[in-house]
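First comes the structure, then the notes that go with it.
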Amino acid sequence: MERRAEAITTAAAALLAAFAVALVNFANGGSVDAQTGLTFLVFALAFGTLFVAVRAFAPRATPLLIPPVVGLVAIGFFEIYRLDPERAGLQRWWLLIAAAIAALTLMLLARGTTSILRRYRYLILVLSIGLLLLPNLPSDWGVPLRGLEVNGSRLWIVLDLGFTRMQFQPAELAKLGMVIFFAGYLADHQRALREAHRRIGPIRLPEPRQLIPLVLAWSGSIFILIWQRDLGASVLMFAGFVLLLYAATGATGYLVAGGLMTLTGAAAAAYLFDHVHRRVIAWVAPFEHYQDEGFQIAQGLFALGTGSLTGAGPGLGRPDLIPNAATDFIFAAVGEELGFAGTVAVLALFGLVMAVGFGISFRSRDTFRKLLAAGLTFVLAVQVFLIVGGVLRIVPLTGITLPFMSYGGSALVGNMVLIALLLRISHEEAT
Amino acid sequence: MNGPIRRVAVGVFVCMSLLLAGVTWYQVVRADELRGDQRNPRPALSERGKERGLIVAADGTVLARSVEDPSNPRSFMREYPEGRYFAHLVGYSSFAVGSSGLEAAYAADLRSRRDLTISDLVAALLGRDLRPSSVEVTADPELQRAALDALGENRGAIVALDPSTGAILASLSSPSYDPTLLLGTDAAEQWEMLLNDPANPLLDRGTREIYAPGSTFKTVVAAAALDTGAADPGTTFDDPVEFRLPGSNATISNANGRPCNNGETATLFEAFVRSCNTIFADLSIQLGAVDIGITADALGFNQDIEYEWEIPQAVWNTEELAQDPAALGQSGIGERDVRATPLHMAMVAAAVANDGVAVTPYAVHRIFDADGTTADETDVTELGRAMSSETALTLTQMMERVVTEGTGRQAAVPGVRVAGKTGTSTGSGEFSNPWFIGFAPVDNPSIAVAVLIEGTETSGESASGGSLAAPIASELFEVWLTQ
């Protein structure tokens, strides 16, 4: 019964994507064409695959997770299509690939359950660090696998096989690997971490020895910031770790220490690195620096304000005026064309995904799975807050993209695998 | 362990609420401010971005079109290639100052059909053509240009009709302005300047302003007299130097201060040709306000005439004038409270030309789709018979004589039989408003016109309908009949 409701809402979301594409065509002078049907087919195929995989490999998984995710992908997809039909074509391929990899993840985990992830946590850590380091490969050596610098950040690898060329951001998968490792590591050491602390008055401080993992994670984040100039991944990684550390131990001291480290790190970065400094300027006074640093944020706010309550309508706004609208500013683009109604819907869908994620964590009896579900949800929540908060000038922009919605194959693959992991955990807990 | 996770979850949802507050702040509270920020190009782009249909003349002359902005794809700019010549008829469609004229009247047809209204969506799903429709106007560009040029520096208006259909052949007001001025980034300032211009270039004097028609109204009085049988062209009247209005010390005299004919008697025919106020005041009182009112009403007075936009009513106040013979005498020569737009007076001339039948004026011939097929065509509608066929014939002979040997001699066109009536109504201040109404050719009329000039220093103190308006009409007849 619930599965049928899930299937119906999922199909409705896929129809929504196709309908929005038709509206964009219509607004741009075309009429209903192959793009509409193709979009529906790809959504049906991608999420149909995931659906079959869930039935086969995680039949007791919560039915509440896939429909909001399809909804988010659908809204993001039509906006990408509206901004750049060519990229939307690529994104469709990535959606198929991401769904296939998510289905594959479910299949592999059906063999060994998620405990297999805990068993290989160190291998996963090494693989993740390896993935993170890949973009630092030379850009000009003879090997087909190369690092790539885009907009001053070193986030990409290129697999150039001569006949085809693929780009990928390994950090999107590495961040999942890191969460798995953190969850495994904290499940092992939570008791020690929780109990070893000093009291100075009412404040409980961790033993210095127990701060080592925190310092290591912080150093890792600083490394990412300096060598890859990826502010977003740096903050995300560290925040995810600190939240998980707190979740595992309940020691408020970690939160305080982590918060202070984030602030000092951020202040130092703003002072030391020009690219961070510029983001802070744009955050503080976008309209005063309208011509340069603040232009993107100002355009984003204009887009949101012009969209007002109900938006211009799909294809009828001008989100193309915002630089990088399809990646960093997809939220503002949606806000312009679907209005306040659209942005609230997007936030509600994300809220639903997060609530379901936390629910899975709460119900988990196994410590590792509990921490893994919580960690995955944290990572998702931090990403949403950093980028939407960045667009809304609540925090500085960090260069993180909006999960499920922004253009970008690597992120879509990473986030679909994240959903597959949550689905699998919810299945295991229901067994 | 659920405790700390729950606390983080609470923190996450506090952050989500913060995001909700953020979108509320920017999309609801500050939405208008952000939308209206002058650095935000979106409002202007969305208006300009939409393609509107063409407005063309029957000969293909483009009067308004949307051109894609080369520096900004998918963004369209409105263009008015004829500039000031069609400013009042075609109007403008401007994001900054709104729209007017046919641009406003046909906005629903000319608009882009991609506004995501339900009917647009249905049309799209049915595979209909979504390009905007276009409007074909009846006005003749050559005549229109000649007419505005003929008015020159004068303030005034010209309306020309096809007498048998009511199709507008020219409709313009002087001074005019270039509607393109209202499209640019400084549109609001340009608008302000036009608004504050004492010559009021934004006013369409042809269809949106009523004037005392002066002696051109004698056409209506004569029609009523002939139609009721109260007089025929040969009926004689006393011919005083001054006609004393009953129950008053006021008198009415003729423009030259002399009697109409020999100081003893004058015929209706003579009085009409020489435009004698004394005799028409006398005739009006003899006829009565009611009989004149019946003819005036049949010619479109005191009613809402259906046109492309709302036009003011022409005024002949039957009830009031029936009580006041002195006022009736003044009104019978088109003064006092009688009012009409130049469009109304062109309709009067057209009714005489059209065998006594008045027709409803219209400026748009058809609406056609982007592929050229006609979507809607204007049906010719009659306002009704305003006078008998015989009356129309007699009146035509009298009006022809006005042009051959009366006050309207300057309206003559060599080789063409022209009929007309001049008028010089009391305007504002010391200047009077010259008028001319008429049609040509007499044996098969194809054009009826009304020319009005607002009296100013430009027109001069001695300007009369015969000296200033009639020559302009002559020019128009010539342009129209030789093309």
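Quick test for you: out of B:Asp178, B:Asp149, B:Asp162, pick the one residue that is within 27 Å of B:Ser432 (Cβ to Cβ) and acidic (Asp, Glu).
Testing whether each residue is within 27 Å of B:Ser432 (Cβ to Cβ) and acidic (Asp, Glu) leaves just B:Asp149.
If you go through the range B:14-34 one residue at a time, how many are within 28 Å of A:Ala247 (Cα to Cα) and more than 7 Å from chain A (Cβ to nearest Cβ)?
Total satisfying the criteria: 3.
So A:Thr327 clears everything in (1) touching an Asp or Glu at 6+ places or on another chain (Cβ under 6 Å); (2) away from chain B (no Cβ under 11 Å) except one condition, right? Which one?
Tallying (1) touching an Asp or Glu at 6+ places or on another chain (Cβ under 6 Å); (2) away from chain B (no Cβ under 11 Å), A:Thr327 fails exactly one: (1).
Working carefully through the options A:Arg92, A:Arg111, A:Arg87, find the one that is in a helix (DSSP H, G or I) and free of Cβ contacts under 8 Å to residues at least 24 places away in the same chain.
On inspection, the qualifying residue turns out to be A:Arg111.
Being in a helix (DSSP H, G or I) and either within 14 Å of chain A (Cβ to nearest Cβ) or modelled with pLDDT of 95 or more (or both) narrows it down to one of B:Ala139, B:Ala124, so name that one.
Exactly one residue qualifies, and that residue is B:Ala124.
Does B:Thr407 fit the bill of being assigned to a helix (DSSP H, G or I), hydroxyl-bearing (Ser, Thr, Tyr) and over 23 Å from the mean Cα position of the chain (by Cα)?
no
Counting just the residues of the range B:59-99 that are among the charged types (D, E, K, R) and within 14 Å of chain A (Cβ to nearest Cβ), which one comes out farthest from B:Leu195 (Cα to Cα)?
Result: B:Arg74.
How many residues does the range B:304-339 hold that are in a loop (DSSP other than H, G, I, E, B), more than 17 Å from B:Ala223 (Cβ to Cβ) and within 25 Å of the chain's Cα centre (by Cα)?
Number satisfying all stated conditions: 14.
Have a look at B:Gly438, B:Gly406 and point out the one that is buried (at least 24 other Cβ atoms within 10 Å of the Cβ) and touching a Lys or Arg at 6+ places or on another chain (Cβ under 7 Å).
Exactly one residue qualifies, and that residue is B:Gly438.
Would you confirm whether any residue within the range B:237-245 is in a loop (DSSP other than H, G, I, E, B) and within 33 Å of the chain's Cα centre (by Cα)?
no
Given the conditions (1) within 22 Å of A:Glu172 (Cα to Cα); (2) among the aliphatic types (A, V, I, L, M); (3) within 10 Å of chain B (Cβ to nearest Cβ); (4) assigned to a loop (DSSP other than H, G, I, E, B), and given that A:Leu397 satisfies all but one, which numbered condition is not satisfied?
Going through (1) within 22 Å of A:Glu172 (Cα to Cα); (2) among the aliphatic types (A, V, I, L, M); (3) within 10 Å of chain B (Cβ to nearest Cβ); (4) assigned to a loop (DSSP other than H, G, I, E, B) one by one, A:Leu397 breaks only (3).
Consider only pairs whose beta carbons are under 6 Å apart and that are at least six residues apart or on different chains; among these, list those whose first residue lies in the range B:78-91 and is closer than 18 Å to B:His365 by Cα and whose second residue is modelled with pLDDT of 95 or more and of a type in the set (S, T, N, Q).
These pairs meet every condition: B:His88/B:Ser173; B:Leu89/B:Ser171.
Which one of the conditions (1) crowded, with 22+ Cβ neighbours inside 10 Å; (2) modelled with pLDDT of 85 or more; (3) on the phi < 0 side of the Ramachandran plot does B:Gly91 fail to meet, given that it meets all the rest?
For B:Gly91, the exception is condition (3).
What is the residue count in the range B:301-330 for residues that are free of Cβ contacts under 8 Å to residues at least 60 places away in the same chain, touching a Leu at 6+ places or on another chain (Cβ under 8 Å) and polar (S, T, N, Q)?
Within the range B:301-330, residues that are free of Cβ contacts under 8 Å to residues at least 60 places away in the same chain, touching a Leu at 6+ places or on another chain (Cβ under 8 Å) and polar (S, T, N, Q) number 0.
Conditions (1) in contact with a Pro (Cβ under 9 Å, 6 or more places away or on another chain); (2) of a type in the set (Val, Ile, Thr), marked per residue:
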| position | (1), (2) |
| --- | --- |
| A:Phe241 | yes, no |
| A:Val280 | yes, yes |
| A:Tyr290 | no, no |
| A:Gln296 | yes, no |
| A:Ser308 | no, no |
| A:Ala341 | no, no |
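Scan B:Ala358, B:Ala351 and give me the residue that is at pLDDT 95 or above, outside any helix (DSSP H, G or I), in contact with a strand residue (DSSP E or B) (Cβ under 7 Å, 6 or more places away or on another chain) and buried (at least 17 other Cβ atoms within 10 Å of the Cβ).
B:Ala358
State whether one or more residues within the range A:293-306 are crowded, with 24+ Cβ neighbours inside 10 Å, more than 12 Å from chain B (Cβ to nearest Cβ) and either free of Cβ contacts under 8 Å to residues at least 24 places away in the same chain or not in a loop (DSSP other than H, G, I, E, B) (or both).
No - not one qualifying residue is present in the range A:293-306.
The values are calculated or read from the model by the stated rules, or taken from the named source; none is laboratory data. Only a predicted model underlies this, so the values are computations on that prediction, with no experimental measurement involved. Virtual Cβ from ideal backbone geometry, glycine too; neighbours counted across all protein chains shown.
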